[in-house]
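Everything on this sheet refers to the single structure shown next.
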Amino acid sequence: MLFSVFAQGLMLSFGLIVTIGAQNAFVLRQGLRREHVGSVVVFCALADAVLIAVGVMGVAQLLGENPILTRTLALAGATFLAFYGWRALQRARAMNQLQATEGEERLSRGAVVAQAAVFTLLNPHVYLDSILLLGSIGAQHAMPMRGFFVIGASTASALWFGLLGFGARRLAPWLSNPRVWPILDTVIGLTMWLLAALLIHNVIRSL
(Lines give C-alpha, C1' and ligand atoms only; values in the text may rest on other atoms or scores of the structure.)
Protein backbone atom coordinates (compact mmCIF):
# COMPACT_ATOMS: atom_id res chain seq x y z
CA MET A 1 0.00 0.00 0.00
CA LEU A 2 2.77 2.43 0.90
CA PHE A 3 4.56 1.67 -2.39
CA SER A 4 1.37 2.24 -4.42
CA VAL A 5 0.90 5.66 -2.78
CA PHE A 6 4.59 6.47 -3.45
CA ALA A 7 4.13 5.38 -7.09
CA GLN A 8 0.98 7.50 -7.42
CA GLY A 9 2.86 10.60 -6.28
CA LEU A 10 5.80 9.70 -8.53
CA MET A 11 3.70 9.20 -11.69
CA LEU A 12 1.50 12.22 -11.09
CA SER A 13 4.47 14.51 -10.48
CA PHE A 14 6.28 13.18 -13.56
CA GLY A 15 3.18 13.78 -15.67
CA LEU A 16 2.98 17.39 -14.51
CA ILE A 17 6.66 18.29 -14.71
CA VAL A 18 7.72 16.65 -18.00
CA THR A 19 6.54 19.40 -20.34
CA ILE A 20 8.06 21.94 -22.68
CA GLY A 21 8.44 25.05 -20.55
CA ALA A 22 10.71 27.90 -19.50
CA GLN A 23 11.93 26.21 -16.30
CA ASN A 24 12.91 22.97 -18.03
CA ALA A 25 14.62 24.89 -20.83
CA PHE A 26 16.56 26.91 -18.24
CA VAL A 27 17.77 23.79 -16.40
CA LEU A 28 18.73 22.18 -19.71
CA ARG A 29 20.60 25.33 -20.75
CA GLN A 30 22.60 25.40 -17.52
CA GLY A 31 23.44 21.74 -18.02
CA LEU A 32 24.69 22.41 -21.53
CA ARG A 33 26.79 25.31 -20.27
CA ARG A 34 27.97 23.26 -17.25
CA GLU A 35 27.42 26.36 -15.15
CA HIS A 36 26.35 25.92 -11.50
CA VAL A 37 24.29 22.88 -12.51
CA GLY A 38 24.20 21.37 -9.03
CA SER A 39 22.89 24.58 -7.46
CA VAL A 40 20.15 24.90 -10.07
CA VAL A 41 19.05 21.27 -9.76
CA VAL A 42 19.04 21.39 -5.95
CA PHE A 43 17.09 24.67 -5.86
CA CYS A 44 14.42 23.50 -8.31
CA ALA A 45 14.03 20.12 -6.61
CA LEU A 46 13.87 21.61 -3.09
CA ALA A 47 11.41 24.30 -4.16
CA ASP A 48 9.11 21.65 -5.62
CA ALA A 49 9.44 19.45 -2.52
CA VAL A 50 8.53 22.33 -0.19
CA LEU A 51 5.55 23.40 -2.31
CA ILE A 52 4.29 19.81 -2.59
CA ALA A 53 4.61 19.25 1.18
CA VAL A 54 2.88 22.56 1.93
CA GLY A 55 0.11 21.68 -0.50
CA VAL A 56 -0.51 18.17 0.82
CA MET A 57 -0.31 19.03 4.52
CA GLY A 58 -2.19 22.32 4.12
CA VAL A 59 -5.06 20.80 2.16
CA ALA A 60 -5.15 17.84 4.58
CA GLN A 61 -5.59 20.24 7.49
CA LEU A 62 -8.32 22.06 5.58
CA LEU A 63 -10.18 18.82 4.89
CA GLY A 64 -10.08 17.64 8.49
CA GLU A 65 -13.02 15.36 9.08
CA ASN A 66 -15.15 16.77 6.26
CA PRO A 67 -15.93 13.86 3.90
CA ILE A 68 -18.07 16.01 1.58
CA LEU A 69 -15.23 18.48 0.99
CA THR A 70 -12.81 15.55 0.59
CA ARG A 71 -14.95 13.99 -2.15
CA THR A 72 -15.50 17.37 -3.80
CA LEU A 73 -11.76 18.05 -4.01
CA ALA A 74 -11.13 14.51 -5.24
CA LEU A 75 -13.67 14.97 -8.05
CA ALA A 76 -12.21 18.39 -8.87
CA GLY A 77 -8.75 16.81 -9.04
CA ALA A 78 -10.05 14.03 -11.28
CA THR A 79 -11.64 16.61 -13.57
CA PHE A 80 -8.39 18.57 -13.80
CA LEU A 81 -6.41 15.38 -14.48
CA ALA A 82 -8.83 14.38 -17.24
CA PHE A 83 -8.51 17.84 -18.78
CA TYR A 84 -4.71 17.81 -18.40
CA GLY A 85 -4.61 14.39 -20.04
CA TRP A 86 -6.70 15.68 -22.93
CA ARG A 87 -4.36 18.65 -23.30
CA ALA A 88 -1.34 16.33 -23.34
CA LEU A 89 -2.94 14.18 -26.06
CA GLN A 90 -3.69 17.34 -28.03
CA ARG A 91 -0.02 18.39 -27.69
CA ALA A 92 0.98 14.96 -28.95
CA ARG A 93 -0.46 15.92 -32.33
CA ALA A 94 1.99 18.84 -32.61
CA MET A 95 5.70 18.46 -33.40
CA ASN A 96 7.21 20.37 -30.47
CA GLN A 97 10.76 20.46 -29.18
CA LEU A 98 12.65 21.69 -26.14
CA GLN A 99 15.40 24.15 -27.09
CA ALA A 100 18.19 25.70 -25.05
CA THR A 101 21.09 27.86 -26.17
CA GLU A 102 24.64 27.90 -24.83
CA GLY A 103 26.22 31.06 -26.19
CA GLU A 104 25.71 33.56 -23.39
CA GLU A 105 27.87 35.37 -20.86
CA ARG A 106 28.70 33.32 -17.78
CA LEU A 107 26.98 34.39 -14.55
CA SER A 108 27.75 34.07 -10.86
CA ARG A 109 26.18 31.30 -8.78
CA GLY A 110 23.90 33.82 -7.06
CA ALA A 111 22.67 35.25 -10.36
CA VAL A 112 21.98 31.78 -11.75
CA VAL A 113 20.05 30.69 -8.64
CA ALA A 114 18.10 33.96 -8.79
CA GLN A 115 17.12 33.13 -12.36
CA ALA A 116 16.09 29.64 -11.26
CA ALA A 117 13.93 31.23 -8.55
CA VAL A 118 12.22 33.45 -11.12
CA PHE A 119 11.48 30.55 -13.49
CA THR A 120 10.24 28.42 -10.58
CA LEU A 121 8.36 30.73 -8.24
CA LEU A 122 6.87 33.25 -10.69
CA ASN A 123 5.25 30.51 -12.75
CA PRO A 124 1.56 30.30 -11.74
CA HIS A 125 1.38 26.68 -12.92
CA VAL A 126 3.83 25.73 -10.16
CA TYR A 127 1.26 26.67 -7.52
CA LEU A 128 -1.64 25.13 -9.42
CA ASP A 129 0.22 21.84 -9.89
CA SER A 130 2.24 21.53 -6.68
CA ILE A 131 -0.12 23.02 -4.10
CA LEU A 132 -3.65 22.70 -5.46
CA LEU A 133 -3.58 19.55 -7.58
CA LEU A 134 -0.92 17.46 -5.80
CA GLY A 135 -2.13 18.84 -2.48
CA SER A 136 -5.77 17.87 -3.04
CA ILE A 137 -4.85 14.37 -4.22
CA GLY A 138 -2.16 13.67 -1.64
CA ALA A 139 -4.44 14.86 1.16
CA GLN A 140 -6.86 12.04 0.35
CA HIS A 141 -4.45 9.65 2.09
CA ALA A 142 -4.02 9.23 5.83
CA MET A 143 -0.65 9.40 7.57
CA PRO A 144 1.91 7.91 7.05
CA MET A 145 0.79 7.25 3.47
CA ARG A 146 0.44 10.99 2.91
CA GLY A 147 4.15 11.34 3.59
CA PHE A 148 4.98 8.63 1.07
CA PHE A 149 2.93 10.50 -1.55
CA VAL A 150 4.98 13.64 -0.87
CA ILE A 151 8.22 11.65 -1.08
CA GLY A 152 7.14 10.05 -4.37
CA ALA A 153 6.14 13.37 -5.95
CA SER A 154 9.33 15.06 -4.73
CA THR A 155 11.46 12.16 -6.00
CA ALA A 156 10.02 12.57 -9.49
CA SER A 157 10.90 16.25 -9.45
CA ALA A 158 14.46 15.62 -8.24
CA LEU A 159 15.02 12.85 -10.80
CA TRP A 160 13.73 14.95 -13.68
CA PHE A 161 15.74 18.06 -12.86
CA GLY A 162 18.84 15.95 -12.18
CA LEU A 163 18.39 14.21 -15.53
CA LEU A 164 17.95 17.51 -17.36
CA GLY A 165 20.86 19.25 -15.65
CA PHE A 166 23.51 16.54 -15.42
CA GLY A 167 22.48 14.64 -18.54
CA ALA A 168 21.97 17.74 -20.68
CA ARG A 169 24.65 17.03 -23.26
CA ARG A 170 23.29 13.55 -23.89
CA LEU A 171 19.64 14.55 -23.67
CA ALA A 172 19.75 17.73 -25.78
CA PRO A 173 19.69 16.01 -29.22
CA TRP A 174 16.93 13.70 -28.00
CA LEU A 175 14.78 16.43 -26.43
CA SER A 176 15.19 18.67 -29.48
CA ASN A 177 13.81 15.88 -31.70
CA PRO A 178 10.20 16.82 -32.50
CA ARG A 179 9.27 13.13 -32.76
CA VAL A 180 10.04 12.48 -29.09
CA TRP A 181 7.56 14.83 -27.41
CA PRO A 182 4.40 13.39 -29.03
CA ILE A 183 5.33 10.01 -27.54
CA LEU A 184 5.98 11.53 -24.11
CA ASP A 185 2.76 13.53 -24.25
CA THR A 186 0.76 10.45 -25.23
CA VAL A 187 2.14 8.51 -22.26
CA ILE A 188 1.48 11.48 -19.97
CA GLY A 189 -2.08 11.92 -21.25
CA LEU A 190 -2.99 8.26 -20.74
CA THR A 191 -1.36 8.27 -17.28
CA MET A 192 -3.39 11.33 -16.25
CA TRP A 193 -6.59 9.64 -17.40
CA LEU A 194 -5.73 6.51 -15.43
CA LEU A 195 -5.10 8.53 -12.27
CA ALA A 196 -8.37 10.44 -12.79
CA ALA A 197 -10.24 7.13 -13.09
CA LEU A 198 -8.63 5.88 -9.86
CA LEU A 199 -9.69 9.05 -8.03
CA ILE A 200 -13.29 8.67 -9.20
CA HIS A 201 -13.20 4.98 -8.18
CA ASN A 202 -12.04 5.96 -4.68
CA VAL A 203 -14.84 8.53 -4.37
CA ILE A 204 -17.45 5.94 -5.39
CA ARG A 205 -16.06 3.44 -2.87
CA SER A 206 -16.29 6.03 -0.08
CA LEU A 207 -20.04 6.65 -0.62
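Checked against (1) modelled with pLDDT of 80 or more; (2) of a type outside the set (Ser, Thr, Tyr); (3) closer than 24 Å to ALA47 by Cα, LEU98 meets all criteria but (1). On the stretch given as the range 26-72, residues that are modelled with pLDDT under 90, touching a Leu at 6+ places or on another chain (Cβ under 6 Å) and of a type in the set (A, V, I, L, M, F, W, C) total 4. Checked against the criterion of being under 20 Å from VAL56 (Cβ atoms) and not in a loop (DSSP other than H, G, I, E, B), the candidates LEU194, LEU184, LEU171, LEU159 yield just one match: LEU159. For the range 121-164, a tally of residues being under 17 Å from LEU195 (Cβ atoms) and among the hydrophobic types (A, V, I, L, M, F, W, C) returns 12. Looking across the range 147-177, the residues that are more than 15 Å from ALA25 (Cβ to Cβ) and surrounded by 20 or more Cβ atoms within 10 Å (Cβ to Cβ) come down to PHE148, PHE149, VAL150, GLY152, ALA153, SER154, ALA156, SER157.
The values are calculated or read from the model by the stated rules, or taken from the named source; none is laboratory data. Nothing here was measured: the structure is a model prediction, and the numbers come from that model. Positions of Cβ are generated from backbone atoms using ideal geometry, with glycine treated the same way; all protein chains shown enter the neighbour counts.
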